[in-house]
Amino acid sequence: MSQGGADDDGEAKNCEDGEVNMAAWILGVKTIKIQPYHLPSLGPHDVKVRIKALGICGSDIHYYKTMRCADFVLKNPMVLGHECAGIIEEVGTEVKSLALGDRVALEAGISCQQCNLCKGGLYNLCRGMKFFGSASGPTNGSLANKVVHPANLCFKLPENVSLEEGAMCEPLSVAVHACRRANISLATNVLIMGAGPIGLFTLLASRAFGAPRIVIVDVDDCRLSIAKELGADEIVRVSTSIQDVGEEVLLIQKAMASGIDVSFDCVGYDKTMSTALYATRSGGKVCLIGLAQSEMTVPLTPAAAREVDVIGIFRYRNTWPICIELLRTGKINLKPLITHRFGFSQKELEEGFEASARGGDAIKIMFNL
C-alpha cells in the first residue's frame, strides 16, 4: 500500500465513486488549505475508510507553526493528521476481518515488516515506518474525506465506543505504551510532569493500570485544575526556572508522601527531566515521553548512583486492542478531554488549528468530517 498525493500537474483527481477526495494540506508556516487528494489504488489487503473524526496532535501543531517537528523538516506540502477513526467504504479482495459499514480506529504507522526490529516485535522502531502526517517519510496524513490503509491496522469499534473515542486511541496508545514500559501496577506511585494532552492521557492510563496515587505537575493553573477533575490525587504548580528545581522537588515529594516509584516526563525539557530524576525514589524509574528538546543536559550521574532507571518510548506497539477494551469497559473515559469541535470547512480548519496552537483551555480539538 502506498500513500497518495497531488498529481504533478495539479489536476484534481476523483475517488472511484466520482467524489473529489479533499484533504488538509500544510503548504507553509501557518498556511493550511483544503485541496484535492488523490488516493492510491486499493490493494488486496487494504480498506478504504471515510474519516469521520480526527484529533489534532502536538506534532501537527509543530508542522503548522514551524514546518518541522523535532529533527523532521517539512520541505513539500503534506496532508496533516493521524489521530483518526471512520467507516469502512471498500475492502480489498483478501480482507476477511472487516466489512462495509464497520466503524474502525486506525493505527497510524505502517512498518516494513522485513527488518530485524519488525521481526523482533519492535515495529514502532522500524526505520522504514510510513506514519500518517510525518515528514520522516514523508507520508501524507489522514485529515481527509477518505484514506486507503492496511486492513490489519484498522480496528473495529464496539457499539458503545464512539468514533471520537476511536480517534483518541492514538494518543491513548502513547500513554498505554509508556505504562507498559514502566510496569505500572497497583504498587506504583506515579509522578507526571506536564498536564498537557499527553500528560492527561498518561494520568488516565496510569489509573487504569492500577496506580494508587498520582501527582501531576505543571506551570499552568488551568491545566492543573483539569488534571484534578480527571482524578489526580495531588497537583503541584511549578515555575519554568531551572533554579527552582530543588525547592520544587521537595514540594512534589511532600505531595506524594509515600515515595515516587515512576515519573513520566510528558514535556521533555532540561528542567522537567531534572526534576523527575531528583524526585523519583532510589531504585525507581523515569520514563521520557515528551521530546520538546532534541538534546538535554540532566543530572544522570546522581540518578545512576541511586539506581534510577531512565527509559524512553517512541510512539507505541500493539496497543489498539488494549485501548479499545479500556474504553469499552469504561475503565477510561476520554470524552472530557474533547474541549473543542470543528467541521471540515476551510474556515473551521483554520480556526481549529489556531485554537490548538494557542493552547490555554484547549485540550483535544476534534474535527468531525
- Relative contact order of the chain (C-alpha contacts under 8 Å, at least 6 apart) in percent is 16
- Treat the count of other C-beta atoms within 10 Å as a stand-in for reagent exposure and order Cys112, Cys323 from fewest to most. Cys112, Cys323
- With only Lys, Arg, Asp and Glu charged, each at its Cβ (+1 for the first two, -1 for the last two), find how big the charge dipole of the stretch 175-312 is about the Cα centre; round to the nearest 20 debye. 420
- Charge dipole of the chain built from unit charges on the beta carbon (Lys, Arg +1; Asp, Glu -1), centred at mean Cα; most positive-end Cα among Val20, Thr31, Leu125 is Leu125
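Counting alpha carbon pairs within less than 8 Å and at least 6 residues apart, what relative contact order, in whole percent, applies to the stretch 82-134?
On the way: 64 pairs, mean separation 16.6, N = 53.
Value for the stretch 82-134: 31 percent.
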- Where does the chain land at 222 nm, in deg cm²/dmol rounded to the nearest 500, when only DSSP H runs of n ≥ 4 count, each adding -39500 (n - 2.57), divided by all residues? -8000 deg cm²/dmol
- Task: Along Cα→Cβ, 7 Å out, is where each label goes; now give me the distance between the ones at Val73 and Arg127 in nm to one decimal.
- Result: 2.1
- Query: Kirkwood Rh over Cα pairs of the stretch 175-312 into Stokes-Einstein at 20 °C, 1.002 mPa s: D in µm²/s?
  - Reply: 150
- Item | Dipole magnitude of the stretch 270-318, debye to nearest 20 (Cβ charges: Lys/Arg +1, Asp/Glu -1, about Cα centre) | 200
- Task: Let me know the charge dipole size of the chain about its Cα centre in debye, to the nearest 20, where only the beta-carbon of Lys, Arg (+1) and Asp, Glu (-1) is charged.
- Result: 700
- For the stretch 276-324 and the stretch 164-232, what is the separation of their Cα centres, given in Å? 14
- Message: Starting from 0.36 nm per residue, how many nanometres of slack lie between Ala357 and Lys228 once their C-alpha separation is accounted for?
- Response: 44.1 nm
- In whole percent, what relative contact order does the stretch 184-272 give with Cα contacts below 8 Å and a gap of six or more residues? 37
- Per 5 Å bin, what is the whole-percent P(r) computed from every C-alpha pair distance within the stretch 178-228? 5, 24, 33, 21, 11, 5
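Which peptide among 88-101, 271-284, 68-81 comes first, and what is the full order, when sorted by highest mean count of other Cβ atoms within 10 Å? List each step's numbers first, then the result.
Numbers: 88-101: 14.4, 271-284: 22.4, 68-81: 17.8.
Top of the packing list down: 271-284, 68-81, 88-101.
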- Which of the GluC sites (Glu not before Pro) found in the stretch 140-175 are in a DSSP loop and have at most 14 neighbouring Cβ atoms, other than their own, within 10 Å? Glu159
- Query: Which of the helices in the chain, when you take each full DSSP H run, stretch at least 15 Å along the axis at their Cα atoms and have an average Kyte-Doolittle score of 1.0 or higher?
  - Reply: 197-208
- Rg(Cα) / (2.2 N^0.38 Å) computed for the stretch 274-369, rounded to two decimals: 1.52
- Task: Go ahead and run the numbers for FRET between Leu300 and Gln113, Cβ-Cβ distance against an R0 of 45 Å, rounding to 0.05.
- Result: 0.80
- Note on the structure: Percent antiparallel among DSSP beta bridges confined to the chain, rounded to 5, stands at 60
- Message: Roughly how far apart, in whole Å, are the Cα centres of the stretch 114-159 and the stretch 28-62?
- Response: 13
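Bear in mind that the values in this text are calculations on the coordinates, not laboratory data. Just so we're clear, the structure is a prediction, and the values are computed from it rather than from any experiment. No Cβ is skipped: glycine too gets one built from the backbone with ideal geometry, and neighbour counts run over all protein chains shown.
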